[in-house]
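The next block holds one structure in the form of structure tokens; read it before the comments.
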Amino acid sequence: MSAARTLRVPGRHGYAAEFSPYLPGRLACATAQHYGIAGCGTLLILDQNETGLAIFRSFDWNDGLFDVTWSENNEHVLVTCGGDGSLQLWDTAKATGPLQVYKEHAQEVYSVDWSQTRGEQLVVSGSWDQTVKVWDPTVGKSLCTFRGHESVIYSTIWSPHMPGCFASASGDQTLRIWDMKATGVRIVIPAHQAEVLSCDWCKYNENLLVTGAVDCSLRGWDLRNVRQPVFELLGHTYAIRRVKFSPFHASVLASCSYDFTVRFWNFSKPDPLLETVEHHTEFTCGLDFSLQSPTQVADCSWDETIKIYDPTCLTVIPA
């Protein structure tokens, strides 16, 4: 693996890292003080340079920040979510902020995602109050609220294929697929016999999702038949905190875990584990693939570091 570009952010524990869909090498990172239990949070906007990573902007919030998502229609705009139940809209072209605060959730908001399908500009949020809310960032209040989960919601993600469709993962051990047009849950998948902390939608297959859970396993789900997972990936030794499909390879995904590692997988292979990256000394919570560089990955950890690197396995995969 090539040497990682590393930025140390003392007193800030990383929760989420997201590459800009517009600017090569720009990365957003949501962080919290005191492991997210108390204190404030900081949104960091980073740029890569020849020597490593540099902070382009940082924005402080009065509670921990747990997730971040870039706008899909404005290269300067992003949304974060925090421990005070609010979502915050930021503009990297301005040194102060936020532009807007949306506060409806009754507890921590752990997940935000900006829709990727053309024709809609919507944000979905998932909270510990067991609700999912959908927002139009130009409107000051949520468009709708979805109820049905019986525990904390850890992850919400839009389908990259189907407008108005999103998935959520919860401490109630289920993965749920929702449709705004149906204003309710379409599919309930008992995905694990443990809390499900993360889910993602395959960029190449509208019927394929992956879940990562406290039972240390990753499972793939085909929405046309959800009785059994289509794959199961084992190797992590503690809870899986985040999972992401590659935007460049249809059967490659990455996962990060409370076991301090990031693992890369090709679920189409008999021996699916491609590589294990061990460069953190604490829970690894944030993870993303670059949308511009097929080999580049970013992650962040409670060890107060953010890293951008090129894992060996991504540099040798045939196109």
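The values are calculated or read from the model by the stated rules, or taken from the named source; none is laboratory data. Quantities reported herein were computed from a predicted structural model and do not represent experimental measurements. Here the Cβ is made from the backbone with ideal geometry for all residues, glycine too, and neighbour counts use every protein chain on show. Heavy atoms of the whole protein, side chains included, go into the accessibility calculation; ligands, DNA and RNA do not. Shrake-Rupley method; radii C 1.70, N 1.55, O 1.52, S 1.80 Å.
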>> What number do you get for the stretch 15-63 when its Cα radius of gyration is normalised by 2.2 N^0.38 Å, N = residues?
In response: 1.23
> Using 0.36 nm per residue, how much length does the chain from Ala95 to Ser293 gain when fully extended, once their Cα-Cα distance is taken away?
Replying inline: 68.5 nm
> Long-range amide H contacts for Val252: which residues qualify at under 5 Å (H placed 1.01 Å from N, peptide plane, sequence gap of 5 or more or a different chain)?
Replying inline: Ser246
>> With a 1.4 Å probe and all protein chains kept in place, how much accessible area does Arg8 have, in Å² rounded to the nearest 10?
In response: 140
> If you take all C-alpha pairs in the chain, what percent of them are over 24 Å apart?
Replying inline: 48
> Between Asp222 and Ile37, 0.36 nm times their residue separation minus their Cα-Cα distance comes to what?
Replying inline: 63.0 nm
> Between Ser86 and residues 5 or more places away or on another chain, which pairs have amide H atoms under 5 Å apart, with H built 1.01 Å from N, and which residues are they?
Replying inline: Val109
>> At 7 Å along Cα-to-Cβ for each site, give me the label-to-label distance between Asp303 and Ala3 in nm.
In response: 1.7
>> Semi-axes of the equivalent ellipsoid for the stretch 44-126, please: Cα gyration tensor eigenvalues, times 5, square-rooted, ordered largest first, whole Å.
In response: 22, 17, 11
> How far is it, in nm, from the label point at Ile187 to the one at Ser58 when both lie 7 Å from their Cα along the line to the Cβ?
Replying inline: 4.3
>> Treating only the Cα positions of the stretch 135-201 as identical point scatterers, give the base-10 log of I(q)/I(0) from the Debye formula at each q in 0.22, 0.27 Å⁻¹.
In response: -0.94, -1.24
> With +1 on each Lys and Arg Cβ and -1 on each Asp and Glu Cβ, how big is the dipole of the stretch 164-319 about its Cα centre, in debye rounded to the nearest 20?
Replying inline: 660
> Given the alpha-carbon gyration tensor of the stretch 17-167, what are the semi-axes of its equivalent ellipsoid in whole angstrom, ordered largest first, with each equal to the square root of 5 times an eigenvalue?
Replying inline: 24, 19, 13
>> Please list Ile45, Ile55 from largest to smallest accessible area, probe radius 1.4 Å, with all protein chains kept in place.
In response: Ile55, Ile45
> What residues have an amide H closer than 5 Å to that of Ser170, excluding those fewer than 5 places away on the same chain, when H is modeled at 1.01 Å from N in the peptide plane?
Replying inline: Tyr154, Val196
>> For the chain, set up a GNM with springs between Cα atoms under 10 Å and report which of Ala30, Ala239, Ala54 has the largest fluctuation.
In response: Ala54
> If the stretch 144-277 were replaced by its equivalent ellipsoid, with semi-axes equal to the square roots of 5 times the Cα gyration tensor eigenvalues, what would those be, largest first, whole Å?
Replying inline: 23, 17, 12
> If the limit is 21 Å between Cα atoms, which of Lys103/Lys307; Lys244/Lys307; Lys94/Lys307; Lys133/Lys181; Lys94/Lys203 go over it?
Replying inline: Lys103/Lys307; Lys94/Lys307; Lys94/Lys203
>> Suppose all protein chains stay in the model; what accessible area per residue would a 1.4 Å probe give for the chain, in Å²?
In response: 39
>> Report the rotationally averaged projected area of the stretch 215-261 based on its alpha-carbon convex hull, in square nanometres.
In response: 3.7
>> Test of understanding: in a Gaussian network model of the chain with alpha carbons linked when under 10 Å, which of Arg176, Arg12, Arg118 would top the mean-square fluctuation ranking?
In response: Arg118
> How large is the helix-only mean residue ellipticity at 222 nm for the chain, computed as the sum of -39500 (n - 2.57) over DSSP H runs with n ≥ 4, divided by its residue count, in deg cm²/dmol to the nearest 500?
Replying inline: -500 deg cm²/dmol
> What fraction, in whole percent, of alpha-carbon pairs in the stretch 227-319 exceed 22 Å separation?
Replying inline: 23
> Of all the accessible heavy-atom surface of the chain, with the other protein chains kept in place and a 1.4 Å probe, what percent is carbon and sulfur?
Replying inline: 49
> What residue among Ser125, Ser155, Ser217 shows peak mean-square fluctuation when the chain is described by a Gaussian network model with Cα springs under 10 Å?
Replying inline: Ser217
